[in-house]
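Take a look at the structure set out below.
The values are calculated or read from the model by the stated rules, or taken from the named source; none is laboratory data. Only a predicted model underlies this, so the values are computations on that prediction, with no experimental measurement involved. FYI the Cβ positions are ideal-geometry reconstructions off the backbone, even for glycines, and counts take in every protein chain you see.
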Amino acid sequence: MLNLLNSPLNTPLAPAQLKPKWSAWFILMATITVAIASATAIHQLNQIAEYSDDSRLLLTQIKERASRLKALEWEGIFKGKIDQDLTRELAENQQNTDAILSKLRQLNQQHELDKFFVLYARHKSEVDISLKLIAQGKAKEAIDHHSIDATYDQLYAEASALENIYTEKKGQTRQFSDLGTTFSLMLSAAIISILFYQFSQKLLFKNQELETAFEELQRAQSQLIQQEKMAALGQVIAGVAHEINNPLGAIKASASNTHKALQEALVDLPSLHQRLNSEEQESFFKLIAQALHNPPAAASQESRALKRKMTAQLQAHEVEDARYVADLLMDMGINEEFEFLLPLFKSDQCEWAIQFAYNLTCSFVNNQTILRAVDRSAKIVFALKSYARFDQSGKKQVVKVADGLETVLEIYRNQLKRNIYLVRDYQEIPNILGYPDELIQVWTNLIHNAIQAMESGGTLTLALHQQGQGIVVNITDTGLGIPIEIQQKIFDAFFTTKSAGEGSGLGLHICQKILDKHQGHMKVESEPGHTQFSVWLPIECV
Amino acid sequence: MSDAAILCVDDETSILQVLKEQLKRCFGSRYVYEVAQSAEEAWIVIDELEEEEIKILIIVSDWLMPNMRGDEFLAQVHQRFPEIVTVMLTGQADEAAIERARQQANLYACIHKPWTEEELKRVIITALN
Ligand SMILES: Nc1ncnc2c1ncn2[C@@H]1O[C@H](COP(=O)(O)OP(=O)(O)OP(=O)(O)O)[C@@H](O)[C@H]1O
Ligand SMILES: [Mg+2]
């Protein structure tokens, strides 16, 4: 039964699942490369920006130093000499300037500062000449010689121009690096979306896979339900066979009895007038009329007492085989009132006449028996048919709940017959909409459990009534009950307290599933000697 | 008048009716025929017949009946009246039950439903000779 469950889960993994995996790896690697590249580029751009900024700052400082030098030179001219203070300040300025220049030289990798250095050197030599003249006390000559202003202006102009270039360069590189950052952000966004897309594709795929698996499971479950039903049927089939053999036996015996009776009657018929006089004949035909009218006496203590009384009376009339004749009369439905038979009793043809009357009339009783037996067989066959039916249309149908219960009772009839007293308490309830076969499965499981719980006999009560927008089916047994500590577990699949051959533990689990499908529910109430399973089902508009 | 009886036990009245008619047709007034719908009722009939000093020769019993199974009933009968021939008439051949009846009730024969009159007749005739 369980191998069914395996098949849907064993489906090999679709190869399609591998493809998204590979491309995801590829995209991931590409992304990382691009990310590293763009990070490097941005870093470089930032370095350029920084270097431009540094150069610009240094140039500004150089400009300051140059104007300071010019100021010192003028001081020297005014003083007419280079005194100690001036010498110190000049040295200090020179030192600072040299430091800045050496830094600038380091940054001058692309030789864009070459012209600046040339201009600086020229200006410096002019200043040196002027300072030398001042030191020689030739301040007047120094002023005449003065071309410092020109070289200074040139230097200053070049520095300012460079400053501008660097500012621009810094702006540009910043812009570039911003652009790069934006680009990498956008790229990562794109990558993330792609990955996310692939991920959701995979999820979708997995979802579809799960959905099919779920559908397969549902199909397997309904097959399981059917199999469990069939297994239950297998258990009861022997009993049902017995049930059908009873009416068959009755039919066969009745038919052969009728046949024999008619054969004997046809032999006896011609001698009727010779054997019986008119008074006896009158009594004979009255007997036949009564026999056709009355049902045979059922076997009971009273009927046996009556038979003994009749036997005694027949013996009083010296009827031979009085007990046998009394028995025939009882079987013809004759009881207390048999005064009209006196003429026959007195006749020496008494036994013959009564046997003849019996043969003529017994076919009616036998026919009744046959008709009843046929009805009974038809009922069993119908029950088997509705029990074994498995509707696969999946559509709800009009369900007469009582009919379903009766079908199951018919199937379990011979098990109930052993020692279980059956009580039906059916109230009028409306038809409901549902799955008749599956509901039969619910009744089967509950009734079967109840029977199993009453191994040594008891009472099974089936009650039906309407409750609000639903109907309630109560199945009550007087069996051993369910211990409180396992009451929670009994609805679990495979929970059973029965031996391997007797129970699989699926019964109640399947009931629950079927009731879920009907939006119904079930509860249990149990103590030793009283267990009630209560099922509620919605009516829904029929 | 006959002082020997055949008792039939089955929970279905129609089976009892046809069985009795068959027996009457086969053996006529040679025996007394009684029927009972359950083991309990059968015991009442047995007691009644004993009172009437009618000896039961054969009991033909169904197997599956309410309260007491046929094999159990026949075993009890056999314990009290070992001379009574026990026959089972059943629609359900429960081999274990038949075997039990053979051992505990000295079961003479098991007839399966649906049966023929000849089968029944033969079993009873051979049992009584
Ligand atoms: N009416 C009841 N009386 C006592 N115990 C019950 C009754 N109904 C169910 N149970 C307990 O609940 C358990 C689970 O029942 P369920 O019908 O699910 O499985 P099962 O009867 O053991 O096996 P399966 O129904 O598959 O043949 C039973 O083993 C039994 O212990
Ligand atoms: Mg069960």
Query - Residues of segment A:336-358 classified as surrounded by fewer than 17 Cβ atoms within 10 Å (Cβ to Cβ) and not in a helix (DSSP H, G or I), total - result: 3
Report task. Can you confirm whether segment A:417-429 contains a residue that is aliphatic (A, V, I, L, M) and part of a loop (DSSP other than H, G, I, E, B)? Result -> yes
Query raised in the report: Quick check, is B:Gln22 modelled with pLDDT of 95 or more and within 8 Å of chain A (Cβ to nearest Cβ)?
Result: yes
**Report entry** Selected residue (criterion: surrounded by the most Cβ atoms within 10 Å (Cβ to Cβ)) from residues of segment A:410-428 that are within 14 Å of chain B (Cβ to nearest Cβ) and in contact (Cβ under 8 Å) with a residue 60 or more places away in the chain
**Finding:** A:Tyr412
Report summary line: Of the residues in segment A:221-274, those that are within 30 Å of A:Leu506 (Cβ to Cβ), free of Cβ contacts under 8 Å to residues at least 12 places away in the same chain and away from ligand 2 (no atom under 16 Å from the Cβ) come to A:Ser222, A:Ile237, A:Ala238, A:Ala241
Requested in this report: Taking A:Gly479 as the residue in question, decide whether it is farther than 18 Å from A:Leu416 by Cα and in contact with an Asp or Glu (Cβ under 8 Å, 6 or more places away or on another chain).
Outcome: no
**Report entry** The lone exception for A:Ala383 - which of (1) at pLDDT 90 or above; (2) buried (at least 22 other Cβ atoms within 10 Å of the Cβ) it fails
**Finding:** (1)
Query raised in the report: Scanning segment A:240-280 for residues that are under 28 Å from A:Asn367 (Cβ atoms) and either within 16 Å of ligand 1 (Cβ to nearest atom) or of a type in the set (Asp, Glu) (or both), which turns out farthest from the chain's Cα centre (by Cα)?
Result: A:Glu280
Requested in this report: Would you point out which residue out of A:Thr361, A:Thr311 is within 27 Å of B:Thr13 (Cα to Cα), free of Cβ contacts under 8 Å to residues at least 40 places away in the same chain, of a type in the set (S, T, N, Q) and assigned to a helix (DSSP H, G or I)?
Outcome: A:Thr311
Query raised in the report: Among the residues of segment A:407-451, which ones are within 16 Å of ligand 2 (Cβ to nearest atom) and acidic (Asp, Glu)?
Result: A:Glu438
Query - Subset of segment A:130-148 [without any contact (Cβ under 8 Å) to a residue 24 or more places away in the chain and either surrounded by fewer than 19 Cβ atoms within 10 Å (Cβ to Cβ) or in contact with a Phe, Trp or Tyr (Cβ under 6 Å, 6 or more places away or on another chain) (or both)] - result: A:Lys132, A:Gln136, A:Lys138, A:Lys140, A:Glu141, A:Asp144, A:His145, A:His146, A:Ser147
Requested in this report: Select from segment B:36-67 the residues that are within 22 Å of A:Ser456 (Cα to Cα) and either within 11 Å of chain A (Cβ to nearest Cβ) or in a loop (DSSP other than H, G, I, E, B) (or both) and list them in ascending order.
Outcome: B:Gln37, B:Ser38, B:Glu41, B:Ala42, B:Asp62, B:Trp63, B:Leu64, B:Met65, B:Pro66, B:Asn67
Requested in this report: Name, by its number, the condition in (1) crowded, with 21+ Cβ neighbours inside 10 Å; (2) at pLDDT below 95; (3) over 23 Å from A:Leu329 (Cα atoms) that does not hold for B:Glu12.
Outcome: (3)
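Output the residue which, of all residues in segment A:491-542 that are acidic (Asp, Glu) and at pLDDT 85 or above, is farthest from ligand 2 (Cβ to nearest atom).
Taking the candidates together, the pick is A:Glu527.
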Query raised in the report: Is it fair to say B:Ala5 is in contact (Cβ under 8 Å) with a residue 12 or more places away in the chain and under 14 Å from the mean Cα position of the chain (by Cα)?
Result: yes
Query raised in the report: Pick from A:Met230, A:Met186: which is away from ligand 1 (no atom under 16 Å from the Cβ), outside the structural domain of A:Leu416 (by TED's automatic domain parsing) and assigned to a helix (DSSP H, G or I)?
Result: A:Met186
**Report entry** Any pair with Cβ under 9 angstrom, 6 or more apart, that starts in segment A:482-506 at a residue that is within 15 Å of A:Lys229 (Cα to Cα) and ends at one that is of a type in the set (Asp, Glu) and within 13 Å of ligand 2 (Cβ to nearest atom)
**Finding:** A:Ser504/A:Glu228; A:Gly505/A:Asp492; A:Leu506/A:Glu228
Report summary line: Flagged pairs (Cβ under 8 angstrom, 6 or more apart or on separate chains; first in segment A:87-105, exposed (fewer than 15 other Cβ atoms within 10 Å of the Cβ); second not in a helix (DSSP H, G or I)) are A:Arg105/A:Leu113
Report summary line: Taking first residues from segment A:429-450 that are more than 14 Å from every other protein chain (Cβ to nearest Cβ) and without any contact (Cβ under 8 Å) to a residue 40 or more places away in the chain and second residues anywhere that are more than 14 Å from ligand 2 (Cβ to nearest atom) and part of a helix (DSSP H, G or I), the pairs with Cβ under 6 Å that are 6 or more apart or on different chains are A:Trp443/A:Gly404; A:Trp443/A:Leu405
Report task. Assess whether A:Ser254 counts as being at the interface with chain B (Cβ under 9 Å from one of its Cβ atoms) and either at pLDDT 90 or above or out of contact with any strand residue (DSSP E or B) (no Cβ under 9 Å at 6 or more places or on another chain) (or both). Result -> yes
Query raised in the report: When you look at B:Val85, is it crowded, with 18+ Cβ neighbours inside 10 Å, more than 14 Å from every other protein chain (Cβ to nearest Cβ) and touching a residue at least 12 places away in the same chain (Cβ under 8 Å), yes or no?
Result: yes
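Table: residues versus (1) assigned by TED's automatic domain parsing to the domain that holds A:Glu438; (2) hydrophobic (A, V, I, L, M, F, W, C); (3) in contact with a helix residue (DSSP H, G or I) (Cβ under 9 Å, 6 or more places away or on another chain).
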| position | (1), (2), (3) |
| --- | --- |
| A:Leu384 | no, yes, yes |
| A:Asp403 | yes, no, yes |
| A:Glu406 | yes, no, yes |
| A:Ile411 | yes, yes, yes |
| A:Asn414 | yes, no, yes |
Query raised in the report: Has segment B:100-111 got at least one residue that is more than 28 Å from B:Asp3 (Cβ to Cβ), at the interface with chain A (Cβ under 9 Å from one of its Cβ atoms) and at pLDDT below 95?
Result: no
Query raised in the report: Before we move on, is A:Gln519 more than 16 Å from ligand 1 (Cβ to nearest atom), farther than 30 Å from B:Ala39 by Cα and part of a strand (DSSP E or B)?
Result: no
